[in-house]
Amino acid sequence: MGAVQEALDALKLTDHHCHGVVTADLSREEFEPLLTEGGAWPGGSTFDTPAGVAVRRHCAPLLDLPRHAPAEEYVARRAELGAREVNRRFLTAAGTDVFCVDTGYTPHRLTSPAELAAAAGGTPYEIVRLESVAEAVAARGVEAGEYAGAFRAAAEEAVRRPGVVGVKSVAAYRTGFDLDPARPSDPEVTEAARHWLAGGGGRLAEPVLVRQLLWTAVDLGLPLQLHVGLGDSDIRLHRSDPAHLTDWLHLTAGTIPVMLLHCWPYQRQAAQLAAVFEQVYLDVGLALHHVGPARSRAVLEEALEITPYRKLLYSSDAYGVAEFHHLGALSFRRALAGLLQDRVDADELALPDALRFAEWAGAHNARQVYRLPWPS
């Protein structure tokens, strides 16, 4: 084992974007859809995907099973241990001590940020999803001309909650990034709100209101997380290319940090933005546990071709099953250690620098940009 791998294995990670895990015991029919972004399909098993294979290889031993345990044995052992013990084992094994939890997506009953962190002996923080705030404002009832003020007030109230350190938008899912980058005018927002509310509100996908949401995020002053690339069937992948954000990033220069989440298959586009815009940071979370340790280095290596080392962060984007917290951390540590160690061995990078950059990506960069307290 190389020196960089030893250092990363010992490092407590800061997961700057993740979700809670399911608290109920799961049958195989309930568990399998959580293994992929596409859910389970008739006639096939999600265990027969790169993520499913990685779970059987790297997660089975933590359940006291042999590597590559058959799917039926894996699910049976999971049920035997119970959700509480399964979650504890995987969250502890991840070696993460800071969790920044997106609480805006809850089709399942999930752990709260405090419950998630407690299972790992870590510290919880919250990320506010702004589309959820907007949709809650509409659901309560609001006139079109009052929508902008009501949304801003609700967003300001949400970010004042204890433990909130950032906000998030899923504009990539709702409209894509190929939007007019300018801040919309008040009349534009009122007209768009009138159209949205007349249709019953619900899912926010009005381009003008999404633009207003992004500019409200700038006004809030906290780091803004943006989902980029890989997602479920709701996303139009070609519209989630972060290169579409270029003009908006020019207009918002000098304001808030912009965190490009996940990025696959656009990790190179994201890297270019991080290299030329001071406010842009990135991770390759979500992709890492879906490609698994076998391919995580290839994804991370492309992201790090030109990304400044102080701009790379760790996230798992684990949702639903605690296995993905463990797989995300394992994939990240192995991928980053391997590529940095190879550069050291080739005399392209000094070992002290490699160790410093590993610690930056795994913990330091996130703590700095979200203004989190440093461990004593």
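FYI, it's all coordinate maths here, none of it is from the lab. Remember, predicted model here, so these are calculated numbers, not experimental data. As a convention, Cβ positions derive from the backbone with ideal geometry for all residues, glycine included, and neighbour counts pool all protein chains shown.
Between the beta carbons of SER45 and ALA136, assuming R0 = 25 Å, the FRET efficiency works out to 0.10 to the nearest 0.05.
Distance between Cα centroids, region 107-186 to region 187-211: provide it in whole Å. Region 107-186 and region 187-211 have Cα centres separated by 16 Å. Size of region 156-198 from its Cα atoms: along the principal axes, largest to smallest, the extents are 34, 22, 21 Å. In loop segments of region 74-160 as defined by DSSP, the trypsin sites (Lys or Arg not before Pro) with at most 15 further C-beta atoms inside 10 Å of their C-beta are ARG109, ARG160. By the Kirkwood approach, averaging reciprocal distances over each pair of separate Cα atoms, region 9-101 gets a hydrodynamic radius of 14.2 Å. Sequentially through region 219-229, phi angles give Karplus couplings (6.51, -1.76, 1.60; θ = phi - 60°) of 5, 5, x, 9, x, 10, 8, 10, 5, 10, x Hz, Gly and Pro residues having no value and appearing as x.
For region 26-81, the relative contact order works out to 27 percent when only alpha carbon pairs closer than 8 Å and six or more residues apart are counted.
Each semi-axis of the equivalent ellipsoid for region 223-326 is √(5λ) with λ an eigenvalue of the Cα gyration tensor; in descending order they amount to 22, 15, 13 Å.
Summing charges over neighbours of LEU304, with a neighbour being any other residue whose Cβ is under 11 Å away from its Cβ, gives +1 when K and R count +1 and D and E count -1. Evaluated over the Cα positions of region 108-261, the convex hull gives a direction-averaged projected area, one quarter of its surface, of 9.8 nm². Once C-alpha pairs closer than 8 Å and six or more residues apart are averaged by separation and normalised to the residue number of the chain, the relative contact order reads 21 percent.
Nearest-5 percent of antiparallel DSSP beta bridges in the chain?
If I count the DSSP bridges inside the chain, around 5 percent turn out antiparallel.
Equivalent ellipsoid semi-axes for region 293-376, as square roots of 5 times the alpha carbon gyration tensor eigenvalues: give them largest first, rounded to whole Å.
Working: eigenvalues 91, 66, 23 Å².
Equivalent-ellipsoid dimensions as semi-axes: 21, 18, 11 Å.
Once Rg/Rh (Cα atoms, Kirkwood Rh) is calculated for the structure shown, the corresponding label among [x] 1.09; [y] 0.97; [z] 1.02 turns out to be [y].
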